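Shown next, in structure tokens, is the structure this report addresses.
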Amino acid sequence: MDQYSARRYIVTALVLLVVLVYLIRLLYLQVIDSTYKLSAENNSKRIEILYPSRGLMYDRKGQLLVYNQAAYDLMIAPYELKEFDTIELCQILNIDKESLITGIKKAYNPKHRRDPFLKQISPETFALLKEKLYKYSGFYLRSRTLRKYNREIGSHLLGYVGEVSEEMIGNNPYYEMGDYIGISGLEKAYETQLRGEKGMNYFLVDVHNKIKGPYQNGRFDKDAVVGKNVVCTIDADLQEYGEKLMKNYSGSIVAIEPSTGEILTLISTPSYNPSLLVGRPRTLNYNKLKNDTLEPLFNRAIMARYPPGSIFKLVNALVALQEKDVTYNTQYYCDMGYYARGIKVACHNHDSPLNLPQAIQHSCNAYFCNVFRSIMEDRDFKSVAEAFNNWRDHVLTFGFGNRLNTDLPNELNGFIPQASYYDRYYGQNHWNALTILSMAIGQGELLITPVQMANMACVMANRGYYYIPHTVKQIQELDTIDSKFLEKHFTSIDTGFFNTVIEGMELAVNGGAGSTARIARISDIIVCGKTGTAENPHGEDHSVFIAFAPKDNPKIALSVYVEHGKWGASYAAPIASLMIEKYLTGEISNSRKWIENRMLNDNLLNKK
């Protein structure tokens, strides 16, 4: 008996131990560990996202540029589907039966959730479908918004919105598949401010994921927060006029208010209607634009890198003045060109010799070759390489060679080579001023973006400094814009030297016979400008012009670059002068209508 009694106690102890283990485990699962509780709760509730409207965009005068229009996604819960009239639904949605069946099969999943069946339904289709949605159990409508434009302008500036990619989601956990995000332009640059904040509604659901009511009486629900409105620096009327002038050309116009750095126009042509990249046709239209040989998606204003041509003579003149290599009265002789060790730089007929302002007035190549040689052969430096790097340091302070750090995405930096670049190419101590003489007239390895050229015009207008160009004036509920746009950036050139160069720019427009930019002259407005002809190895040379006006207390500075325009005075200068007159007076005078008509009616796109 004692033996069996001992066994009974052991068995009883084991049973009690097992029971105790189960009790402890149950206590842990129900009280201490909330994993299963959360899992159960997650299976009993559904979270529906509330998408906010994006912020609106206005121009500097308060004109509405970008707003929102209602759009809808048709959602499907396949587990709730019942028999329905497939022909009628296909007619409403304008799809074929095969697409309907494929969409339903694609939406089946083990999680019993609602997935998008057809995105971005038009308001017209929505109105028709809503009346008959009761016939189609398992189909639901979800409201969204799409961008709408008051004018067909500013496509490169404003940018467009598209669906997020997997890579974007990986970089930012805020986004989920199906969300929209700014892809380019201001939509991308100010995405965080424009997008707002998503809201959420929690619903209690049964085992079949059917809604039974709000979860915990809506305790955890969160309203969507509408995106902030943005006031752009752009003048919509001037932007529209500039795009009209450039519609038959490849190139760009960038106009800036010198006293603030606010971009008044940012035009890149060929362009496109921004409405093309909205809604369901966006993918099809994007592919067409992408394959267009005229490259309408390419933002030339901030991404094209061109040789500046003769406008760069202004920078070389200022560096030479700063280094005391030339003075106001320095003269050089020109005989229709400049000869040195067998090198000839072509020039045009003008009086000779000229002083520095006159050389700018007539854009004398020979004069500025001598200027550049005087910089490179300055005896204060031990070698040409040392003089070159000193010259380069001055040039960089004008905003060249690096990104200006505007608020627009995808801005490129241009190119100003270092002396080591030529050491590698020619060999150390095997190059000199004559080797790189083309840089005297803005050719050679120099590459500058149009926005940098416009910024250079601001430097001239401000007599030695600039503000970083930017496109946003104000963001709703914020006191100020980014402080970096309020800071002055000074060049390494003394302010006093700018007067000499500006005198030459004034003469170029308002001087006598032989002045290279006389076509840009405007009655009662003193325009200061400089033409440029940028050599193009692949066809007709490019037409370039920078200017600011009025001479005193300038209100606008700009660059115009017309590809294949041949000479600066042919297209860039007249277009720039029309932009200046339009901005400062509001209209084009009758005496200059012929210039406007010529710019509007000529067409270089057919001559490329």
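Values in this text are rule-based calculations from the coordinates and carry no lab data. What you are looking at is a predicted structure, and each value in this text was computed from that prediction instead of being measured. Please note: Cβ atoms are built from the backbone with ideal geometry, for glycine as well, and neighbour counts cover all protein chains shown.
Structure above, values below:
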read-out: With 5 Å bins from 0: P(r) over the range 409-462, alpha-carbon pairs, percent; value: 5, 15, 20, 21, 15, 12, 8, 3, 0
read-out: Between the range 163-195 and the range 233-255, the alpha-carbon center distance in angstrom; value: 28 Å
read-out: Cα centre as origin, Lys/Arg/Asp/Glu Cβ charges: the chain dipole, Debye; value: 1640 debye
read-out: Extension reserve of the GLU295-ALA70 stretch, reckoned as 0.36 nm per residue once the Cα distance is removed; value: 77.9 nm
read-out: Ordering of 442-453, 491-502, 240-251 by packing [mean C-beta count within 10 Å, highest first]; value: 442-453, 240-251, 491-502
read-out: Computed magnitude of the charge dipole of the range 59-135 (debye, nearest 20; Cβ of K, R +1, Cβ of D, E -1); value: 380 debye
read-out: Projected area averaged over orientations for the range 373-432, convex hull of C-alpha atoms, nm²; value: 4.8 nm²
read-out: The range 61-156: trypsin sites (Lys or Arg not before Pro) in DSSP coil with no more than 12 other Cβ atoms inside 10 Å; value: LYS61, LYS82, LYS111
read-out: Shape metrics for the range 251-399, restricted to C-alpha atoms - Rg then Dmax, Å; value: 21.7, 67
read-out: Relative contact order %, the range 461-608, counting alpha carbon pairs below 8 Å whose residues are six or more apart; value: 16 percent
read-out: Angle in degrees between helix 2-27 and the longest Cα principal axis of the chain, rounded to the nearest 10; value: 40 degrees
read-out: Overall Cα dimensions of the range 340-483 - principal axes, largest extent first, Å; value: 65, 40, 27
read-out: At R0 = 56 Å, FRET efficiency that the Cβ-Cβ distance of ASN150 and LYS344 yields, to 0.05; value: 0.55
read-out: Gap separating the Cα centres of the range 548-591 and the range 132-146, nearest whole Å; value: 53 Å
read-out: Rel. contact order, % - alpha carbon contacts under 8 angstrom, at least six apart, the chain; value: 14 percent
read-out: Separation of the ILE49 and GLU587 label points, Cα + 7 Å toward Cβ, nm; value: 5.2 nm
read-out: Under the Karplus curve 6.51 cos²θ - 1.76 cosθ + 1.60, θ = phi - 60°, whole-Hz ³J(HN,Hα) for the range 321-333, x wherever Gly or Pro sits; value: 5, 5, 8, 6, 7, 9, 10, 3, 9, 4, 10, 9, 8
read-out: Student exercise, the range 376-485 dipole from Lys, Arg, Asp, Glu Cβ charges, in Debye to nearest 20; value: 160 debye
read-out: Pairwise Cα inverse-distance average, inverted: Kirkwood Rh of the range 272-318 (Å); value: 13.4 Å
read-out: Debye log10 I(q)/I(0) at q = 0.08, 0.09 Å⁻¹ for the chain, Cα point scatterers; value: -0.68, -0.79
read-out: Farthest toward positive dipole pole in the chain [+1 Lys/Arg, -1 Asp/Glu at C-beta], among GLN216, SER310, LEU447; value: GLN216
read-out: Loop sites in the range 319-402: trypsin sites (Lys or Arg not before Pro), DSSP, at most 11 other Cβ within 10 Å; value: LYS324, ARG341, ARG379, LYS382
read-out: 29 Å Cα-Cα threshold exceeded, pairs from LYS473/LYS566; LYS247/LYS473; LYS288/LYS593; LYS244/LYS566; LYS97/LYS135; LYS324/LYS551; value: LYS473/LYS566; LYS288/LYS593
read-out: Vicinal HN-Hα couplings computed from phi for the range 382-389 (Karplus, 6.51 cos²θ - 1.76 cosθ + 1.60; Hz; Gly/Pro x); value: 6, 8, 4, 4, 5, 5, 5, 5
read-out: Table column - 3J(HN,Hα) (Hz), the range 228-242, Karplus curve with 6.51, -1.76, 1.60, x for Gly and Pro; value: 7, 6, 10, 9, 7, 7, 5, 8, 4, 5, 5, 4, 5, 5, x
read-out: Over the chain: helical MRE at 222 nm, DSSP H runs n ≥ 4 each giving -39500 (n - 2.57), nearest 500; value: -10000 deg cm²/dmol
